[in-house]
2 protein chains.
Amino acid sequence: MKYCISCQDLYDEDDAGTCKECYEEANETEEELKREIDELKAKVAFLKFWSPTPSARSHPASFSDVVLVASEDASAGAPVPVPAHKAVLVSRSPVFRAMLENEMEESLSGTIKIGDVSYDALRAFVNYLYTAEVCLDEDMACHLLILAEKYQVQHLKDYCEKFLVSKLNWDNSVMSYTFGHQHNAKHITDAALTLITDNMDKLTTREEYVELVEKDPRLVVEIYEAYLSKQVNTAAQKDSSLKT
Amino acid sequence: MKYCISCQDLYDEDDAGTCKECYEEANETEEELKREIDELKAKVAFLKFWSPTPSARSHPASFSDVVLVASEDASAGAPVPVPAHKAVLVSRSPVFRAMLENEMEESLSGTIKIGDVSYDALRAFVNYLYTAEVCLDEDMACHLLILAEKYQVQHLKDYCEKFLVSKLNWDNSVMSYTFGHQHNAKHITDAALTLITDNMDKLTTREEYVELVEKDPRLVVEIYEAYLSKQVNTAAQKDSSLKT
């Protein structure tokens, strides 16, 4: 019986982990990694902008030189513009860059119209461009993923994809699969496909399945193809394990 | 004798480190920390600006709305202005914020004159405000620390201090001590003071010492006070270790 240096508990010889030297080395590595994290966090805090979107903390003089307008809000009276800086938009999105550098209508008028989006989603989108921060729920993550895809803001798209994958379950799997396909979100598509093909016996009774067959049968074919290739793989594995 | 899981070497029982469970836990922690580092690095890359200072990579249309001018270069013909954005300057430095938000001369003219600085140092300074990156040597670190102190860019000041502390040696210790004092760089002052008081026997023969007595005797007094309190502490420690 020995004492573990780390948890101070007694352990059997068979449960031995490392020698003392490796334990100390691992400890040092951990310290170094934590220092690096602290430095990176300070860098992020430094590089973050205060956002020019309206809030209690915002500054009166933001030197904003462009506004974004959510076109969806047009029905509810005059849309509220979201102020921004061309320099920031251009540095975060190649689509905004092309739009603003080529002196297109948006650059001359100082107004960028964003279609099919609510004011809240647009505000969160612009805010993310300044701070790399956003508070997500599933609805917002979908809206922002669409915007990120449209304006090629890869960092935000990755973030939304990761969030939506973490929220994946049987109930939203077909919807997520379709959504992932529509917006080139491969992580979501793949994760949803795995979940669906693991539960094929329950699939055909679902309402969303019937709808998908109606609306986009090619996507249903892909599900069956994935299921088939999974079955073939499993069979091959069983086969080879029987032989050995 | 046991095998260490980590380095695969045999070790004596006395050199045992951790149990298997703690080894695995430590491994997981390390993986998690590395993932966090990757995420933070991606965030830094996203938040970084392309800098508007002239370079091969710079964009033709930078939407710059202010220029900074190094006044030191005035003798060598017309100074080269460094383009920037008010929004960036304001978000990185409270001094620039006060200057630009209060519609002082600089805000109205769109030109900020920076005194006692070379064009290269000013360019590196502005570049840091956009990217949190700079390639330092000792000379540049001193110049940037002074600018960071003047414009209250704490992140850059910390960075320069850390760099200068790492370059500290007996030859530059008195100079560093004086420099740290002049620019409120406490880490440099303290580290230099420790180095000096560890080598008091060699101090008084140094040229810089004689100069400092002449120019700023109060700083010399502080050295002696630190030396004295170190001696008292060492004596007290020896005393208590003799008693026990």
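Read the figures in this text as sums done on the coordinates, not as results from a lab. This is a predicted model, so every value here is computed, not measured. Here the Cβ positions follow ideal geometry from the backbone for every residue, glycine too, while neighbour counts run over all protein chains shown.
What trypsin sites (Lys or Arg not before Pro) does the stretch A:107-188 have in DSSP loop regions with at most 14 other beta carbons within 10 Å? Don't skip to the end; give the middle numbers.
Numbers: sites: A:Lys113, A:Arg123, A:Lys150, A:Lys157, A:Lys162, A:Lys167, A:Lys186; in loops: A:Lys167.
Those satisfying the criteria are A:Lys167.
Find the relative contact order for chain B and round it to a whole percent, using C-alpha pairs within less than 8 Å whose residues are 6+ positions apart.
Values: 239 pairs, mean separation 27.7, N = 244.
11 percent.
Say a label goes 7 Å from Cα toward Cβ at A:Tyr227 in every copy; what distances in nm does this one have to the rest, shortest first?
Reported distances to equivalent positions: 8.7 nm.
Quick one: the Cα spread of the protein assembly as shown along its three principal axes, in angstroms, biggest first?
In descending order, the Cα extents are 92, 77, 40 Å.
Under a cut-off of 15 Å between alpha-carbon atoms, report the aspartates and glutamates in cross-link reach of A:Lys230, not counting same-chain residues fewer than 8 places apart.
A:Asp190, A:Asp198, A:Asp201, A:Glu222, A:Asp239
Over the stretch A:96-199, what relative contact order in percent results from Cα pairs under 8 Å that are six or more residues apart?
Values: 84 pairs, mean separation 17.7, N = 104.
For the stretch A:96-199, the relative contact order is 17 percent.
Got a sec? How would A:Thr29, A:Thr189, B:Thr18, B:Thr197 order by Cβ neighbour count within 10 Å, fewest to most?
Details: A:Thr29 15, A:Thr189 21, B:Thr18 30, B:Thr197 18.
The most exposed by this proxy come first: A:Thr29, B:Thr197, A:Thr189, B:Thr18.
Can you put B:Arg97, B:Arg206 in order of Cβ neighbours within 10 angstrom, beginning with the fewest?
Values: B:Arg97 19, B:Arg206 16.
Ascending number of Cβ neighbours within 10 Å: B:Arg206, B:Arg97.
Normalising by the residue count of the stretch A:169-244, find the relative contact order in percent from Cα pairs under 8 Å and 6+ residues apart. Walk me through the intermediate numbers first.
Working: 43 pairs, mean separation 17.9, N = 76.
Once normalised by length, the contact order is 24 percent.
Above 17 angstrom, tally the Cα pairs of the stretch A:1-47 and express them as a % of all pairs, no decimals. Please list the in-between numbers first.
On the way: 559 of 1081 pairs.
Beyond 17 Å sits 52 percent of the P(r) for the stretch A:1-47.
Give the average over all directions of the projected area of the C-alpha convex hull of the stretch A:85-199, one decimal, in nm². Don't jump to the answer; show the numbers that get you there.
Numbers: hull surface 28.6 nm².
Across all orientations, the stretch A:85-199 yields a mean hull projection of 7.1 nm².
What do you get for Rg/Rh of the stretch B:168-244 when both radii come from the Cα atoms and Rh is the Kirkwood radius? Before the final figure, lay out each step's value.
On the way: Rg = 13.9 Å, Rh = 13.2 Å.
We get a ratio of 1.05 for the stretch B:168-244.
Grab the other residues whose beta carbon is less than 12 angstrom from that of A:Leu136, score K and R as +1, D and E as -1, and report the net.
Details: positive: A:Lys162, A:Lys167; negative: A:Glu133, A:Asp137, A:Glu138, A:Asp139, A:Glu161.
Value of the local net charge: -3.
So what's Rg/Rh here for chain A, counting alpha carbon atoms and using the Kirkwood radius for Rh?
Details: Rg = 25.4 Å, Rh = 22.5 Å.
Here Rg/Rh amounts to 1.13.
Label position 7 Å from Cα toward Cβ: report the copy-to-copy distances for B:Ser64 in nm, one decimal, ordered from shortest.
In ascending order, 2.5 nm.
Could you tell me how many degrees, from 0 to 90 and to the nearest 10, lie between the Cα long axis of helix A:186-197 and the main elongation axis, the longest principal axis, of the Cα atoms of chain A?
50 degrees
Of all DSSP beta bridges located in chain B, what percent are antiparallel, nearest 5? Walk me through the numbers on the way to the answer.
Numbers: 5 of 9 bridges.
Expressed as a percentage, antiparallel bridges in chain B total about 55.
Separation between the B:Tyr224 and B:Arg35 pseudo-spin-labels, each 7 Å from Cα along Cα→Cβ, expressed in nm?
6.1 nm
Okay, helix-only estimate at 222 nm for chain B: each DSSP H run of n ≥ 4 adds -39500 (n - 2.57), divide by all residues, round to 500 deg cm²/dmol; what do you get? Walk me through the numbers before you get to the answer.
Values: 12 runs with 149 residues, N = 244.
It comes out at -19000 deg cm²/dmol, rounded to the nearest 500.
Can you list the distances in nanometres, one decimal and ascending, from the B:Glu133 label point to the identical position in each other copy, with the point 7 Å along Cα to Cβ?
B:Glu133 label point versus its equivalents elsewhere: 2.4 nm.
Show which lysines lie in cross-link reach of A:Lys2 when reach means a straight Cα distance below 27 angstrom and same-chain residues fewer than eight apart are skipped.
A:Lys20, B:Lys2, B:Lys20
For B:Asp65, A:Asp139, which order do you get if you count the other beta carbons within 10 Å of each Cβ and list the fewest first?
Working: B:Asp65 20, A:Asp139 11.
Ranked by crowding around the Cβ, least crowded first: A:Asp139, B:Asp65.
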